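K.L.:
Input: one structure, supplied below.
The values are calculated or read from the model by the stated rules, or taken from the named source; none is laboratory data. On a predicted model such as this, the values are computed, not experimentally measured, just so you know. Accessible surface areas use protein heavy atoms only, side chains included; no ligands, DNA or RNA. Shrake-Rupley method; radii C 1.70, N 1.55, O 1.52, S 1.80 Å.
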Amino acid sequence: IDTAMTLGAGFPAGPLRWADAIGIDRVLLALEYLVQATNEERYRPAPLLRQLAYAGRTGKAAGWGFFRYDDGEEQHSVD
């Protein structure tokens, strides 16, 4: 997904890397707010996002989210 967005759409970073950088828990909170405020289904968080947040895999600050980070540097993607 990230490769497609950076190479195909010209984004500086893909959505998964972006979520890891700002915190998966923050993304989840923002999406939950948008669902409540707008009542729009398009903002409903994906179940995987909720699972990662509840498991403590909140991104770069936690050491892993969609990707694993050792010493603050990305090591590999997590399947």
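K.L.:
Would you point out the residue of the range 42-55, among those that are of a type in the set (Gly, Ala, Ser) and open to solvent by 40 Å² or more (accessible area, probe 1.4 Å), that is farthest from residue 3 (Cα to Cα)?
P.N.:
In this case the residue turns out to be 55.
Quick grid of which residues meet (1) modelled with pLDDT under 95; (2) open to solvent by 60 Å² or more (accessible area, probe 1.4 Å); (3) under 9 Å from the mean Cα position of the chain (by Cα):
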residue	(1), (2), (3)
11	yes, yes, no
22	no, yes, yes
30	no, no, no
33	no, yes, no
37	no, yes, no
40	no, yes, no
66	yes, no, yes
69	yes, no, no
79	yes, yes, no
